[in-house]
Every structure is written in C-alpha cells, then in structure tokens.
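Report on the structure given below.
None of the figures in this text is laboratory data; all of them are computed from the coordinates on show. Computed from a predicted structure; not experimentally measured. Every residue, glycine among them, receives a Cβ derived from its backbone with ideal geometry; neighbour counts consider all protein chains shown.
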Amino acid sequence: MSELSTEAIVLRRVDYGDADLILTLMTRSAGKLSALARSARRSRRRFGGALMSFGVSTVELKRRPRAELWTMQSAMPGKTFPGIAADMVALAHASYGTELVRELVAPEVAEPEIFDLLVCLYRELGEHGGHPPALRVFELHLLRHLGLEPSFARCTRCGTEAEERFAEGAVFESDAGGAICRVCAAASTGLGVRPLGNPARQLLAQCAALGSIDAARSMAADREGAREARNLMLLLLQSQIGRPL
C-alpha cells in the first residue's frame, strides 16, 4: 500500500456513482495524478471546501498495488484565492491555466516548479485580476519547464537576433518552435505557419525573459500586438495538445 501526504490543486472533478468524485490533481510531490474521493459529494465534514477549484489543499492519499486510482483519505483546505471568482476575466484565465497544466503535464512525474507556477498564476489573478501579459508569461514559463519553450528573441533557423530581419516578412512556425526571420521564412510552409508582426514577437520575447508572473503587471502592449501574441500562443499550444483549448 502506497501512502502520500502532499499539497494538491484540483485540475478536474468528475462525478462518479451516487456520491463519489474522480479527481485529477496536481500535487507538489508526485505531479499529476487521479484519485477517487468516496462520498465527497455527500460528506462536507470529511472534505469541506478542500476540493474546490483554484485553491491549494493538503491531501492524504493511499493506493493499493497495481491500482490505477489513488484513494483520497482526507483533504484540508489551505490557500484560497477568492478574488478569482469575483472577476470574469480572472476566472477565465484561471480556468485556462488549469486546463493547460492538466493537458500538458505527464502523469505521476514530480513537477514542483509547475505546481508553484500555477499557484503564482492564481495569486496574481486573485489579487490583481486578469491581464494578458501575465497569461503569456505563464504559458511561456510552463512550456520552458516542459522543455517545449518557443524562441521569439532569435530566429529558430539561423539564430539571428537582428531587429531588421524581423521588421517585415517574418513568420511564426509552430513545428519549428518559434520565430523565423524574413530571410529564412521562404523555407517555412504548412498549416502551422503564420505571419509574425514585430510588436507581437517583441511582446512574447519580453514575457519569456521575465522572471515571474507578477512582473508582467508593468508591461504595456498595443492592442493588435497583444491579440496576435495570444493567437500565436494558442496555435502553438494546440499543436502540442492536439485539440482546441
């Protein structure tokens, strides 16, 4: 019998039977895993508010040998971020960030940096509301931890960082993993290729260089550049996940 006591974030809840829940959890010490919470929809005393979205709880889990699911013995609520529910943009961003972690992180591989990154996103959204640069920083840092970070500061083919090579005619190629300068762009074809405006490229390069999500609060971006940056990141992430987000 394996036992585990760890901090956890609920990534997904699925009703099972009359009163049980099957939970997808992101845990600090064991990564993403699935657990059965028996009578969780009936027993408030046993689990309380510990299984709500966008919060951190301490959970006690057990698993029998060869069992696919862990069994949740207990859960105690810890950090909560009530400001998320009061802001529709923050709620949407928190849901999106949660979905990315659920879809991109491999099961049962310890990823404490990703756990902390998701907590930082919740904290920023709960205290300051949703703002697109913070979400771009979250996306790029998540991909970095997974070894999938795209390059926007330099051409992924020739390595140039010369601004004049990105002024016009540059493209973004999801399969190549980032920006392609105008000189190398002729070799880029296919469904994953999009024109790349320099404001969007610069915004994404700046977001990738920031050390934390809260540092994005001071960033300013023009509307068109921010919209293009969003669409490029969605294209890249959907190519990794294999379906629309």
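Remarks
- Length-normalised contact order of the chain in % [C-alpha pairs under 8 Å, at least 6 apart]: 15 percent
- If only the Cβ of Lys and Arg carry +1 and only the Cβ of Asp and Glu carry -1, the dipole of the chain around its Cα centre is close to 840 debye.
- Summary value for the range 147-237: 26 percent relative contact order, contacts being C-alpha pairs under 8 angstrom separated by 6+ residues.
- Amide hydrogen proximity for residue 79: with H placed 1.01 Å from N in the peptide plane, the residues at 5 or more positions away or on another chain lying under 5 Å are 56.
- In the range 103-146, the ratio of gyration radius to Kirkwood radius, Rg to Rh, stands at 1.00 when only Cα atoms are counted.
- Folded to 0 to 90 degrees: helix 88-104 orientation relative to the chain principal axis, Cα: 90 degrees
- Taking every alpha-carbon pair under 8 Å whose residues sit at least 6 apart, the range 51-158 reaches a relative contact order of 24 percent.
- Degrees separating the helix 198-209 axis from the principal Cα axis of the chain, which is the longest one: 40 degrees
- Size of the range 154-220 as Cα extents on the principal axes (Å, biggest first): 38, 24, 18
- On the beta carbon distance between residue 128 and residue 42, with R0 = 30 Å, the FRET formula returns roughly 0.25.
- Distant-in-sequence amide contacts of residue 153, defined by a placed amide H-H separation under 5 Å and a gap of 5 or more residues or a different chain, comprise nothing.
- Dipole axis of the chain (+1 Lys, Arg; -1 Asp, Glu on Cβ), positive-most option in 98, 75, 33: 75
- Those GluC sites (Glu not before Pro) in the range 5-105 that DSSP places in a loop and that have at most 11 other beta carbons within 10 Å: 68
- Here the label points at residue 158 and residue 16, each 7 Å from Cα along the C-beta direction, are separated by 5.5 nm in the simple model.
- When Rg and the Kirkwood radius Rh are both evaluated on Cα atoms of the chain, their ratio Rg/Rh stands at 1.04.
- Rg/Rg_ref, the range 50-190, where Rg_ref = 2.2 N^0.38 Å and atoms are Cα: 1.37
- The range 25-57 residues near the modelled residue 64 label - backbone nitrogen below 18 Å, point 7 Å along Cα→Cβ: 34-39
- Here each label is just a point 7 Å from Cα along the line to Cβ, and for residue 241 and residue 29 those points are 3.0 nm apart.
- P(r) histogram, all alpha-carbon pairs of the range 1-111 included - 5 Å bins from 0, percent: 2, 12, 22, 25, 20, 13, 4, 1, 0
- The range 76-123 shape via C-alpha gyration tensor axes, a/c threshold 1.5: oblate
- Working from label points 7 Å from Cα in the Cα-to-Cβ sense, the residue 186 to residue 103 distance is 3.6 nm.
- Degrees between helix 112-128 axis and first principal axis of the chain (Cα, 0 to 90, nearest 10): 80 degrees
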